[in-house]
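The values are calculated or read from the model by the stated rules, or taken from the named source; none is laboratory data. The shown structure was predicted, so the numbers you read here are calculated from the model rather than taken from an experiment. For neighbour counting, all protein chains shown are included, and Cβ atoms are generated from backbone atoms with ideal geometry for every residue, glycine included. Surface areas here come from the heavy atoms of the whole protein model, side chains and all, with no ligands, DNA or RNA. Shrake-Rupley method; radii C 1.70, N 1.55, O 1.52, S 1.80 Å.
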Amino acid sequence: MSKNYYVVLAGGVGAAKLIEGLANVIEPKLLKIIVNTGDDIELFGLKICPDLDIITYTLANLVDKEKGWGFANETFNCLNILKRYYDTGWFNAGDQDLATHIYRTDLFKQGFSKAEITNLICQNLGVKSHLIPMCNESVQTFVTTDSGTMHFEEYFIKHQCKPEVINIHFEGIENSVPVKNVLKYIEKARKIIICPSNPIVSIGTILQVKGIKKALSKVKDRVYSISPIIEGIPVKGPTDKLMKCVGLEVSCIGVAKFYQDFLGHFIIDNKDCFLKPEIEGLGIKTYCYDTLMVNLEKKKELAQFIIKV
Ligand code: GDP
């Protein structure tokens with residue numbers, strides 16, 4: 001018997017759009033959101049969890065809606081001085097954002113786990129959904145590029161995804177295990193929704209945490225996803241470069257093939273509807289919808305479609 005909650009697998013900005021929609025069409029407390037922590041990084045002596053923060057600030061209605069990350073009405077006074085001390089000033093940590101990183105780092109020092117810290121941050125910022133890091137262990141995504149090996153955030157922000165990616169490596173992933181009860185949540189969820197996030201470095205990391213893929217494949221008929229690729233192009237970010245790097249075709253078909261073992265239902269954009277028969281040939285029920293979430297209405301419509309379909 002499935003329960004009435006939904007499990008959501010999420011990265012950052014792409015995921016946050018759908019999650020904002022979901023939290024507007026169902027009770028936010030029905031969402032159990034498993035968030036990628038492969039982007040986590042330590043800078044200025046502080047523990048930073050970029051994807052967890054994006055989802056938290058979005059659900060707390062504090063996010064900068066233009067950028068999709070960080071706080072609204074942010075200032076960067078502290079960063080301007082940090083830049084004089086550190087050469088990692090390329091990371092856009094605003095003054096309010098730094099408060100979260102200080103609080104998180106303080107709690108880590110006191111011995112709290114990443115999951116416990118996430119709960120405390122959410123409670124304090126008024127988030128009703130249950131945010132869960134993909135694991136408590138440290139996992140860090142590194143990319144080897146034609147300009148050298150670097151942390152994914154450095155590639156993404158400092159180098160603006162320009163270097164050619166030759167290899168992707170999730171350091172520490174072999175020691176990662178899901179947070180307590182996550183596999184049970186997947187087993188019992190009404191639906192499991194994989195956000196339109198980067199399949200390689202957002203969802204791909206979560207999928208490599210021990211037992212997650214197997215848990216999803218057992219409930220395949222309840223696993224739903226939305227393609228982050230429309231007409232062969234990502235809406236934003238380096239998804240195309242990373243898909244190519246792992247030998248995937250950059251299209252909703254490439255994403256479907258990557259998720260094939262555990263995906264029961266796939267929502268592709270209306271513009272890609274001619275590809276529906278090919279994806280159905282992989283044994284995945286396929287639906288066409290307007291998946292470009294340009295405003296809150298569109299986010300809510302897509303979320304409603306996923307809940308009802
Ligand atoms: P990041 O970690 O901040 O890059 O964010 P995610 O991994 O969650 O999402 C990145 C992916 O979201 C990219 O592949 C985008 O193509 C996809 N994306 C962003 N906005 C939209 C949208 O409105 N519709 C769809 N279908 N995909 C989107």
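Some notes on this structure:
- Residues in the range 94-108 carry Karplus couplings, in order, of x, 4, 5, 4, 4, 4, 5, 5, 5, 4, 4, 5, 4, 5, 4 Hz; the curve used is 6.51 cos²θ - 1.76 cosθ + 1.60 with θ = phi - 60°, and Gly or Pro positions show x.
- In the chain, the DSSP beta bridges split such that about 40 percent are antiparallel, to the nearest 5.
- Choice from ASN136, ASN36, ASN73 with maximal GNM fluctuation in the chain (Cα, 10 Å cutoff): ASN73
- Cβ-placed point charges (K, R +1; D, E -1), dipole of the range 237-309 about Cα centre in debye, nearest 20: 160 debye
- Spatially close Lys pairs in the range 1-151, defined by Cα atoms under 24 Å apart and a spacing of eight or more places or different chains, total 26.
- Environment charge at VAL179 (Cβ cut-off 12 Å; Lys +1, Arg +1, Asp -1, Glu -1): +3
- For a straight C-alpha distance cut-off of 20 angstrom, the lysines reachable from LYS276 (same-chain residues fewer than eight places away being disregarded) are LYS220, LYS257, LYS285, LYS308.
- Protection proxy ranking, peptides 25-33, 219-227, 258-266, average beta carbon neighbours within 10 Å, highest first: 219-227, 258-266, 25-33
- With pairing defined as another cysteine C-beta under 4.7 Å, the cysteines of the chain that fail it are CYS49, CYS78, CYS122, CYS135, CYS161, CYS195, CYS245, CYS252.
- Formal net charge of residues neighbouring HIS130 (Cβ-Cβ distance under 11 Å; K, R +1; D, E -1): +3
- Cross-link reach list, aspartates and glutamates versus LYS218, counting only Cα pairs under 13 Å and skipping chain neighbours closer than eight places: GLU187, ASP261
- Sorted peptide list for 285-293, 142-150, criterion being average Cβ within 10 angstrom, highest first: 285-293, 142-150
- Rounded to the nearest 20 debye, dipole of the range 148-231 from Cβ charges on Lys, Arg, Asp, Glu: 700 debye
- Here the peptides 9-21, 296-308 are ranked by packing, the mean other Cβ count within 10 Å, and the order with the highest first is 9-21, 296-308.
- Rounded to the nearest 20, the Cβ-based charge dipole of the range 60-179 about its Cα centre (Lys and Arg +1, Asp and Glu -1) stands at 300 debye.
- Over the chain, Cα pairs under 8 Å with separation of 6+ residues give a relative contact order of 20 percent.
- Look at where the Cα atoms of the range 225-284 and of the range 58-99 average out, and the two centres are 33 Å apart.
- Cut-off 15 Å between beta-carbons: net charge of the residues surrounding LEU62, Lys and Arg +1, Asp and Glu -1: -4
- Carbon plus sulfur fraction of accessible area for the chain, probe 1.4 Å, in percent: 50 percent
- Working from label points 7 Å from Cα in the Cα-to-Cβ sense, the ASN295 to ASN77 distance is 3.6 nm.
- Annotation for ALA99 and ASP146: the two label points, set 7 Å from Cα along the Cα-Cβ direction, are 4.4 nm apart.
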